[in-house]
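Contents: one structure, followed by commentary.
The values are calculated or read from the model by the stated rules, or taken from the named source; none is laboratory data. Please read all numbers here as calculations on a predicted model, not as lab measurements. Note: ideal-geometry Cβ built from the backbone for every residue, glycine included; neighbour counts use all protein chains shown.
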Ligand SMILES: Nc1ncnc2c1ncn2[C@@H]1O[C@H](COP(=O)(O)OP(=O)(O)OP(=O)(O)O)[C@@H](O)[C@H]1O
């Protein structure tokens, strides 16, 4: 079988400011249960957008619609559009793998391939998304992605050791490096620090701020201090009294925390519920 080679330029050549992601009137169901009602949100290129709100209001579901992961659940359905730099990722003829390549995801629990080497973990996503890199370029790619994920100095002397031998925080940064290797325009992060200690959390937060210059980031977090530290804008989700979740308020993080317009936002960010 012949494989198509898609030459990948060094990341720096492709480094822009990410892409703007725009969700338009997203509604989601699990079977008959409607969990999101006409949610619209623009996540601007090169910014960090934090999705906040109490448990069960649909933040993760919304995040998973942004790279077509919601449709993996057999009972799940969806209405609305998700535009990546103006093009609907759900449009007929759009390939799922293309959406996943351009819009990467980092999960709550670090999930490197534990028996695979650190080096191979970084390049693992390339094959899965049908991309190939020349052998001669691989070392540079691995170094660049690990550097951007803030892990290079800690692992450069042991790239052939298994990914599973790293600490939890290092594993999460390895997963970020793996996501970066396929040149995403957007990185979705679902509570990426909730399984980590405070020091590792700080390292990931620094990494997020550094990456934001070239990748658009959308992060779900329950940690209000974290939302305040890492994000440029916030969207506050709420599902009241058994109704589907929606966005109550969104805007610049400084305004959301300093001067929210909706009393429910104020109550939530000041820790009075949730
Ligand atoms: N796979 C699933 N099947 C059925 N219902 C689901 C599924 N995943 C989520 N739900 C339901 O969808 C609603 C929204 O859940 P979701 O996980 O998106 O909320 P969340 O705000 O991210 O919560 P948390 O902060 O606790 O992670 C909840 O009522 C939840 O029970």
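The single condition from (1) at pLDDT 95 or above; (2) assigned to a loop (DSSP other than H, G, I, E, B) that residue 16 fails is (1). Being assigned to a helix (DSSP H, G or I), within 15 Å of the chain's Cα centre (by Cα) and surrounded by fewer than 16 Cβ atoms within 10 Å (Cβ to Cβ) is a property that residue 202 lacks.
Of the numbered criteria (1) over 19 Å from residue 130 (Cβ atoms); (2) more than 12 Å from the ligand (Cβ to nearest atom); (3) more than 19 Å from the chain's Cα centre (by Cα), the one residue 112 fails is (3).
Counting only residues that are more than 18 Å from residue 188 (Cα to Cα), assigned to a strand (DSSP E or B) and near the ligand (Cβ under 10 Å from one of its atoms), region 29-54 holds 6 of them. Pairing each residue of region 119-141 that is on the phi > 0 side of the Ramachandran plot with any residue that is modelled with pLDDT under 95 and part of a helix (DSSP H, G or I), provided the two are 6+ apart or on different chains, yields C-beta distances under 7 Å for 130/97.
The residues listed here are 63, 78; of these, the one that is surrounded by 20 or more Cβ atoms within 10 Å (Cβ to Cβ) and either under 27 Å from residue 169 (Cα atoms) or within 16 Å of the ligand (Cβ to nearest atom) (or both) is 63. Please give the number of the condition residue 57 fails out of (1) within 12 Å of the ligand (Cβ to nearest atom); (2) buried (at least 16 other Cβ atoms within 10 Å of the Cβ); (3) over 27 Å from residue 254 (Cβ atoms). Result: residue 57 passes all but (3). Within region 52-93, the set of residues being within 16 Å of the chain's Cα centre (by Cα) and at positive phi comprises 58, 68. Can you confirm whether region 117-125 contains a residue that is in a loop (DSSP other than H, G, I, E, B), within 30 Å of residue 24 (Cα to Cα) and either under 21 Å from the mean Cα position of the chain (by Cα) or modelled with pLDDT of 95 or more (or both)? Within region 117-125, none of the residues are in a loop (DSSP other than H, G, I, E, B), within 30 Å of residue 24 (Cα to Cα) and either under 21 Å from the mean Cα position of the chain (by Cα) or modelled with pLDDT of 95 or more (or both).
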